[in-house]
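The values are calculated or read from the model by the stated rules, or taken from the named source; none is laboratory data. Nothing here was measured: the structure is a model prediction, and the numbers come from that model. Methodologically, a virtual Cβ is constructed for each residue, glycine included, from the backbone with ideal geometry; neighbour enumeration extends over all protein chains shown.
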Amino acid sequence: MGQVAIAILAAGRGSRFGGNFPKPLAMFRGRSLVSYALKAADDSGLAPILLVVGYNSQQVAAAALPGVSIVHNLQWQSGIASSLKQALWMLEPNKSIDALCIGLADQPFVTAACYRRLVAAYHEGASFVVATYEGSRRNPVLLARSLWFDAMKLEGDEGARQLMRVYSVVEVSCDRIGNPHDIDTKDDLQQLESEVISKHRTEG
């Protein structure tokens, strides 16, 4: 099997977050949200790593780690499917890459171990893999090259989830190694901050 790449989707405006500031750059415990996603991608050992940017693209791209490839999605307003397609179009000519893991910039507790667990399922023969938490399908997702053609036809504000209505998916539990908390609003961010502080006090 060839390489497994990884793409962090960070192109959307995050309108529910409010204001004109790009949500991927919102600060959580002293770091931007996107920095957590990129660190997990880097620690996973997968390569290449793509960061798909759109809204305020230069600002978000500036947060990338060295070696991360920036993919500009000029159609970011059309929904997350456009970001997935941009990543696939970038990778498609490189025939050494056989699969892509997809993560989001607003899920700071999706870990490198989550990505590695998906890749392990891929190496065991799965072509479509999704992480689950307490039985619910969330992110990240892995797509083998055999699914890319159909993925490139997707539209709207739903990504690989659309393909789950057509193809069978291997579910991989990521309980205890990650958490799918996503940040949609400033209230979500404050609540998550409070939960982390409370947990640390309890453990202390």
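Looking only at segment 130-149, count how many residues are aliphatic (A, V, I, L, M), in a strand (DSSP E or B) and under 20 Å from S82 (Cβ atoms). Break it down into steps so the answer makes sense when it comes.
Here is the first cut: in segment 130-149, the ones aliphatic (A, V, I, L, M) are 130-131, 141-144, 147.
Of the ones still in play, those that are also in a strand (DSSP E or B) are 130-131, 141-144.
Those still in the list that are under 20 Å from S82 (Cβ atoms) too: 141-143.
Residues flagged as aliphatic (A, V, I, L, M), in a strand (DSSP E or B) and under 20 Å from S82 (Cβ atoms) within segment 130-149 amount to 3.
Filtered by the rule that a residue be free of Cβ contacts under 8 Å to residues at least 24 places away in the same chain and on the phi > 0 side of the Ramachandran plot, segment 28-66 gives a lone residue, G30.
There is at least one residue in segment 150-168 that is in a helix (DSSP H, G or I) and within 19 Å of G2 (Cβ to Cβ).
Considering segment 164-184, and only residues there that are in contact with a strand residue (DSSP E or B) (Cβ under 7 Å, 6 or more places away or on another chain) and among the acidic types (D, E), the residue that is modelled with the lowest pLDDT turns out to be D182.
Summed over segment 84-127, residues that are within 27 Å of L192 (Cα to Cα), part of a helix (DSSP H, G or I) and among the hydroxyl-bearing types (S, T, Y) total 1.
Yes/no per residue for (1) among the polar types (S, T, N, Q); (2) more than 20 Å from P24 (Cβ to Cβ); (3) crowded, with 19+ Cβ neighbours inside 10 Å; (4) out of contact with any helix residue (DSSP H, G or I) (no Cβ under 7 Å at 6 or more places or on another chain):
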position	(1), (2), (3), (4)
N139	yes, no, yes, yes
F149	no, yes, no, yes
D157	no, no, no, no
Q162	yes, yes, no, yes
